[in-house]
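Enquirer: Here it is: the structure, laid out below.
The values are calculated or read from the model by the stated rules, or taken from the named source; none is laboratory data. This structure is a prediction, so every number in the text was calculated from the model and none was measured. Every residue, glycine among them, receives a Cβ derived from its backbone with ideal geometry; neighbour counts consider all protein chains shown.
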Amino acid sequence: MSIAIGEVIAVKGVNILVELYEESNKETLFYQGEKFKGVSIQEHILIKRGFKDIVTLVQGEYLDERFEQEDGKSYVRKIELKPIGYYDQGEFYEGIKHLPMIRDVAYLMNEKQVRQIYGEADDSFVIGEILKEELPVSLPWANLFNTHIGVFGNTGSGKSNTLTNLYTTLFTNKLQALNGKSHFVVVDFNGEYTGKQLINDRDFKQVYDLDTRGGGDSKFPLSESVFWDEEVFGILFKATENTQKPFLKRVVSGRERFNDTPDSLGIYTKKTVARALTSPSPKKEFAELIREIAGLVDAEELKQNISRLRWHGVKSHFYLNDANHLNGGDTDPVYVREFKQLVENITIGNLNHFAELRLRIHVQLLADLVNGYVQFDHIQPLLKRIEASLTSLERVFEVGANPVNKLLTVVSLRKSNQEIKKVIPLLLAKYYYGSHKDEVINDSPPSHTFHMIIDEAHNILSIQSNRESESWKDYRLELFEEIIKEGRKFGFYLTLSSQRPADISPTIMSQIHNFFIHRLVNDRDLMLLDNTISTLDSLSRSMIPNLSKGCAVITGTSFDIPMIVQFERLEKESQPDSGDVDLQMLWND
Ligand SMILES: Nc1ncnc2c1ncn2[C@@H]1O[C@H](COP(=O)(O)OP(=O)(O)OP(=O)(O)O)[C@@H](O)[C@H]1O
Ligand SMILES: [Mg+2]
């Protein structure tokens, strides 16, 4: 049996008022060798109602005046309770089904009973302890890792540590069982997971430390077919829908169509340049493009000769600046004869994929202009963007290399520039989502699972960004919205961590199943949580602005009731590289 502490004196809606027998405020009580927690806020109290035991949480307490005695006033202690579930034949069920009636007796709950509420699952998945009861919490891993997870909190509140704790615990327990059946990818914006974190065994962990400043030797492998894809180019170069994407499509499909013809690019280049030079309606831009092309294929002589071409604005044709008469415009201009052999001599050496892309887009643009398919002004911004990004892309991708398939892949973007930080997560998501879907398309339920973990997800999932174009933003969000809406069916799960839930697209927020919420103070963020998380109770919510480091409210579909959990601190070498600066040490004189 247990210790009876009081009686129900009022029930209003789901608010229960209990008058306590005495004003004891002991923290811990022992009764028949069992340990009980005293009555205080957030403690569990059991109310017996017939054969059902109703489990309640203390919401508040106060003293009420009773009667006046000679030696002063006398008070009774009253507590307010809210039901969270009930025991029926020894089993705990969450939710409000039964409410007590007046004069029902309230009891303290012993540790064993409380533990039962929070799932006695297997003890190996302990990630911390319940803040108030100090009971170890073991995660229901089988119901948790097949959901989308969100970790939120202000900077420095412990999100990265929580993420690390969650997955380190999983890998420690299940490393062999997971291998070959699941794949985990961490998008690591700040290089917090490139050391011994998560898995301390390089047989299972692959780290790509992408460095756009040059000097980095770790490049992300992309197979040829993944790279030569109009959608991928569309992402990489932020192409516009109407003109630039079709242009990229022509580049890619042209390459595909003549893949089996030897030296197809060489033939195409020569033919296009020759056609441009003899075009009956030449355009000013031809000269510049041919000069670029000549540069790309190391045709130095052609390049210099092309520099001699001048444009006659009125008559709309080229002439040679050093020839002694104005020529061109006619059917057989002098420069055509002069340059003919030089064009014939063009040879394409061994180009890497990036150089090939550079050449192909220039030749394609020239061909399209000759054919009158496109306006130069529409494609030129794309060309400029491609030029600007290719250097950094070359530094982070290795095209044609085979991807490494280890259990865990960490992609660190710490040394990447802003632009690469924007496109890589998108590219990874598109690439992995596509290939995973293909892999499991015939299996139901999926035979493999994929887990994409994005720390600092606001970097790529925010709805507000003034620096980017609308269409790019739409594309970015649509991809992740599709993953979060459809991914579950294919066994593709996202784990997102962010400082500003309010900045993240509402569609994405609304599809997250489970939440780990650290300290959050901003009103807009808190309001959003109110609206998004149906399982968050008001007491847990009111504690969010004041949670300490590493302490989080856990709630969602995989948990019966919201819990406030203090996460364990991992060992030093397993913690993410995100520690606070120790000024005592740093400024030590
Ligand atoms: N479980 C914990 N117990 C004790 N202290 C912790 C715990 N988790 C985190 N901390 C402390 O909080 C600091 C910040 O943690 P962490 O880097 O995980 O925060 P964060 O929320 O990821 O911050 P940011 O948003 O800036 O990335 C750590 O250096 C550590 O000192
Ligand atoms: Mg962090």
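Enquirer: Based on what the data block shows, is residue 479 among the hydrophobic types (A, V, I, L, M, F, W, C), touching a residue at least 40 places away in the same chain (Cβ under 8 Å) and within 16 Å of ligand 2 (Cβ to nearest atom)?
Expert: no
Enquirer: Identify, from the list 394, 439, the residue that is in a helix (DSSP H, G or I), more than 16 Å from ligand 1 (Cβ to nearest atom), among the acidic types (Asp, Glu) and not assigned by TED's automatic domain parsing to the domain that holds residue 240.
Expert: 439
Matching residues to (1) away from ligand 1 (no atom under 16 Å from the Cβ); (2) β-branched (Val, Ile, Thr); (3) modelled with pLDDT of 90 or more; (4) buried (at least 17 other Cβ atoms within 10 Å of the Cβ):
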position	(1), (2), (3), (4)
517	no, yes, yes, yes
534	yes, no, no, no
560	yes, no, no, yes
563	no, no, no, yes
571	no, no, no, no
574	no, no, no, yes
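Enquirer: If I ask for residues that are surrounded by fewer than 18 Cβ atoms within 10 Å (Cβ to Cβ), in contact (Cβ under 8 Å) with a residue 40 or more places away in the chain and part of a strand (DSSP E or B), which ones from segment 83-103 would you list?
Expert: Within segment 83-103, just 94 meets the criteria.
Enquirer: Let me ask another. Considering (1) in a loop (DSSP other than H, G, I, E, B); (2) touching a Phe, Trp or Tyr at 6+ places or on another chain (Cβ under 9 Å); (3) away from ligand 1 (no atom under 14 Å from the Cβ), say which one residue 198 fails and leave the rest.
Expert: Result: residue 198 passes all but (3).
Enquirer: Could you name every one of the strands (runs of 3 or more DSSP E) located completely within segment 1-66 that has at least 2 residues being free of Cβ contacts under 8 Å to residues at least 24 places away in the same chain?
Expert: So the answer is 28-31.
Enquirer: Another question about this same structure. Give the residue that is farthest from residue 84 (Cα to Cα), with candidates limited to residues of segment 104-121 that are part of a loop (DSSP other than H, G, I, E, B) and modelled with pLDDT of 80 or more.
Expert: 104
Enquirer: Restricting attention to segment 489-504, which residues are buried (at least 19 other Cβ atoms within 10 Å of the Cβ) and more than 16 Å from ligand 2 (Cβ to nearest atom)?
Expert: Of everything in segment 489-504, those that are buried (at least 19 other Cβ atoms within 10 Å of the Cβ) and more than 16 Å from ligand 2 (Cβ to nearest atom) turn out to be 490, 491, 492, 493, 494, 502.
Enquirer: Now, a different point. With respect to residue 107, determine if the residue is more than 34 Å from the chain's Cα centre (by Cα), away from ligand 2 (no atom under 16 Å from the Cβ) and free of Cβ contacts under 8 Å to residues at least 60 places away in the same chain.
Expert: The answer is no for residue 107.
Enquirer: Of the residues 430, 421, only one is basic (Lys, Arg), farther than 21 Å from residue 144 by Cα and away from ligand 2 (no atom under 16 Å from the Cβ); which?
Expert: On inspection, the qualifying residue turns out to be 430.
Enquirer: Name every residue in segment 158-181 that is under 24 Å from residue 488 (Cα atoms), of a type in the set (S, T, N, Q) and surrounded by fewer than 19 Cβ atoms within 10 Å (Cβ to Cβ), in order of residue number.
Expert: If the condition is that a residue be under 24 Å from residue 488 (Cα atoms), of a type in the set (S, T, N, Q) and surrounded by fewer than 19 Cβ atoms within 10 Å (Cβ to Cβ), then 173, 176, 179 are the ones that fit.
Enquirer: While we're on this one: Which of the residues that make up segment 127-157 are among the polar types (S, T, N, Q), within 20 Å of the chain's Cα centre (by Cα) and either under 13 Å from residue 493 (Cβ atoms) or away from ligand 1 (no atom under 11 Å from the Cβ) (or both)?
Expert: Within segment 127-157, 146, 147 qualify.
Enquirer: Given (1) farther than 19 Å from residue 148 by Cβ; (2) away from ligand 1 (no atom under 16 Å from the Cβ); (3) small (Gly, Ala, Ser), where does residue 550 come up short, assuming only one miss?
Expert: Result: residue 550 fails condition (2) only.
Enquirer: Of the residues in segment 122-173, how many are among the polar types (S, T, N, Q), assigned to a loop (DSSP other than H, G, I, E, B) and within 16 Å of ligand 2 (Cβ to nearest atom)?
Expert: 3
Here's the yes/no breakdown for (1) on the phi > 0 side of the Ramachandran plot; (2) of a type in the set (S, T, N, Q):
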position: 396; (1), (2): no, no
position: 415; (1), (2): no, no
position: 418; (1), (2): no, yes
position: 424; (1), (2): no, no
position: 429; (1), (2): no, no
position: 456; (1), (2): yes, no
position: 459; (1), (2): no, yes
position: 481; (1), (2): no, no
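Enquirer: Which one of the conditions (1) more than 16 Å from ligand 1 (Cβ to nearest atom); (2) within 21 Å of residue 235 (Cα to Cα) does residue 458 fail to meet, given that it meets all the rest?
Expert: (1)
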